Amino acid sequence: TASDCVLEEKKVKELIDNLRKDAPQEIGGVKVVKVEDYGNSTCSDGTTIQLPKSNVLKYYLEDGSWIAARPSGTEPKCKFYFSIKGSDADDAASKTEVFHKAMMEIIALPFEVSTEFFKTWGEVYNAH
């Protein structure tokens, strides 16, 4: 699942720089157990990422979910990608909303900025 946050271009850089400098310790009440920084090819567990450098941050959560953040390459947006582990579809949908809201709080944006994402996501998810 993906979500976009439209911002001014310099705000996107600032947002990613802040996430890189001050990684969240928890997201939506779930502990962050590992952080991968593809821009620096580093991982919080001390390993090196063996992929081409890219301005992407990825947060692995204790429940098996992960969230990635990156700036758009063509628009003044920050993109978030969510891979959610839930006990069933309803649990995964609920966790997605919790994690999405938590990320908006972490980057200090009102949750309402991107709630349209959930309407679209729900329509796509329920169609499958």
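Just so you know, all these numbers are worked out from the coordinates, no wet-lab data involved. Here the structure is a predicted model, which is why all the values come from computation and not from measurement.
Evaluating 6.51 cos²θ - 1.76 cosθ + 1.60 at θ = phi - 60° for every residue in region 50-55, the Karplus couplings come out as 9, 10, x, 5, 7, 7 Hz, glycine and proline recorded as x. Computed extension length for Glu9-Gln50: 11.9 nm, one decimal, from 0.36 nm per residue of separation with the Cα-Cα distance subtracted.
Here Lys58 is the anchor, and the lysines within straight C-alpha reach of less than 18 Å, apart from those fewer than 8 places off in the same chain, are Lys13, Lys21, Lys31, Lys34, Lys77, Lys79, Lys85, Lys95, Lys101.
Normalise the Debye intensity by I(0) for region 52-109, one equal point scatterer per Cα, no solvent, then take log10 at q = 0.17, 0.20, 0.24, 0.28 Å⁻¹ and round to two decimals. Reported log10 I(q)/I(0), two decimals: -0.61, -0.80, -1.02, -1.20.
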